[in-house]
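I have placed the structure first, in the form of structure tokens, so that the comments after it can refer back to it.
The values are calculated or read from the model by the stated rules, or taken from the named source; none is laboratory data. The structure presented is a predicted model; accordingly, all values stated were derived computationally and were not measured. Here the Cβ positions follow ideal geometry from the backbone for every residue, glycine too, while neighbour counts run over all protein chains shown. We work out accessible area using only protein heavy atoms, side chains counted, and drop any ligands, DNA or RNA first. Shrake-Rupley method; radii C 1.70, N 1.55, O 1.52, S 1.80 Å.
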Amino acid sequence: TMGFSEDEEPEMVSTSEAKLAEKESVAPATERAAASVEPKAMLAAASAAAIPYLDKAADLVEKASPYCLMAFEKGKALLVKLEPYKLDVWGPALFGLLLVFFGGRFLSTVAAVEAVRMMGFHRLWDHVQKLHINYQNGLIAARKDGDAGAEGKPQDKGKMLLVMLKSVNPEQVAEALHVVYEYLIAIVATLRFKFAAAVTLGSSIGEMFHQGVDHMVHPMLERAVPREYHKWIAPATKVACRVVAVSLALLLQRVVSAFHSSIRGAYIFVISAQKAAVKLGYLRAVILEEDSPGFSVAVAGVAGLGFLNQVVYGFGLPFPFYILFFPVYVVEWLLSTFIGIV
């Protein structure tokens, strides 16, 4: 058996311990290096995977932005042209008059406007302007970056979007998007609630209506329908009663909406028309105060005239108003479609 002297044994033990300590010190360093490399690799892979989606998003923004900017600029130019007509003074009164005579036709649009009004129109407009300013700043930065690149080569849309993201104020954009999202949720909730309330009310009325109709209609249908189809009589009458009741509920909802828009529009018109007349010098002071009986009579008269006009035209628009209000028809269709898909 091989032996070690007393002096050799401690020296070999100390050498083994040093090697072991060296290995233990190297292992954490290697793990830390691997751990630092792994997030970078994951980030690079995620960036590479996101580039096609960023390209699509940038392409969509690039295609839609000219039309949005054109509409925005056209609106500003139209307001400048209408300045001699004091639209800022007469505008609220004109809007109230339109509600009085045509509000019932645009059920969803009026409900959406009311939801925005209750939350504050100016707050929404301020944040939309912030989004517009940040978009313009990002677009300028992206164009400068494209001009500084290689000439004759199309600018990479994903890179363009990343440059825009670096050039905007993220806090302003995040806050503005959050506010816009709040308003969208309020509009959707208002429209869905009105629609759901009408459908629920119509279904309930249809159930009650079916109980009385079934006793009269069922015997007649049994005599008219072959025996093998008698099992369909009860479900068919129940569905028919519900369809009729829901249709009536939706019609009544339009009647209620028309009545509400007439009163609301008359209230806005009487107040705004007096204020406009005072500003333009036609009146020295407001004649009908809001708490006076004359004010209530004027509002009731204008609202009654407008509601009667809507009933006569079947809650539609006479020629040529349906041509002039074509953009509002588009908004109404979009809102009605939005209710169905949300």
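Here is how the numbers come out for the structure above:
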| read-out | value |
| --- | --- |
| Test: residue 179 is buried (at least 17 other Cβ atoms within 10 Å of the Cβ) and either within 30 Å of residue 123 (Cβ to Cβ) or hydroxyl-bearing (Ser, Thr, Tyr) (or both) | yes |
| Restricting segment 92-124 to residues that are of a type in the set (D, E, K, R) and closer than 18 Å to residue 272 by Cβ, the residue that is surrounded by the most Cβ atoms within 10 Å (Cβ to Cβ) | 114 |
| Residue check, residue 292 among the polar types (S, T, N, Q) and either within 17 Å of residue 111 (Cα to Cα) or at pLDDT 85 or above (or both) | no |
| Candidates 305, 221, filtered to the one that is open to solvent by 50 Å² or more (accessible area, probe 1.4 Å) and over 30 Å from residue 190 (Cβ atoms) | 221 |
| Residues of segment 226-244 satisfying the condition of being assigned to a helix (DSSP H, G or I), of a type outside the set (A, V, I, L, M) and over 14 Å from residue 209 (Cα atoms) | 227, 228, 229, 230, 231, 232 |
| Leading residue by the ranking (least open to solvent (accessible area, probe 1.4 Å)) among those in segment 182-218 that are among the aromatic types (Phe, Trp, Tyr) and touching a helix residue (DSSP H, G or I) at 6+ places or on another chain (Cβ under 8 Å) | 183 |
| Verdict on residue 89 being within 15 Å of the chain's Cα centre (by Cα) and either surrounded by fewer than 20 Cβ atoms within 10 Å (Cβ to Cβ) or closer than 17 Å to residue 264 by Cα (or both) | no |
| Unique match (being among the aliphatic types (A, V, I, L, M), open to solvent by less than 50 Å² (accessible area, probe 1.4 Å) and under 26 Å from the mean Cα position of the chain (by Cα)) among 270, 299, 255 | 255 |
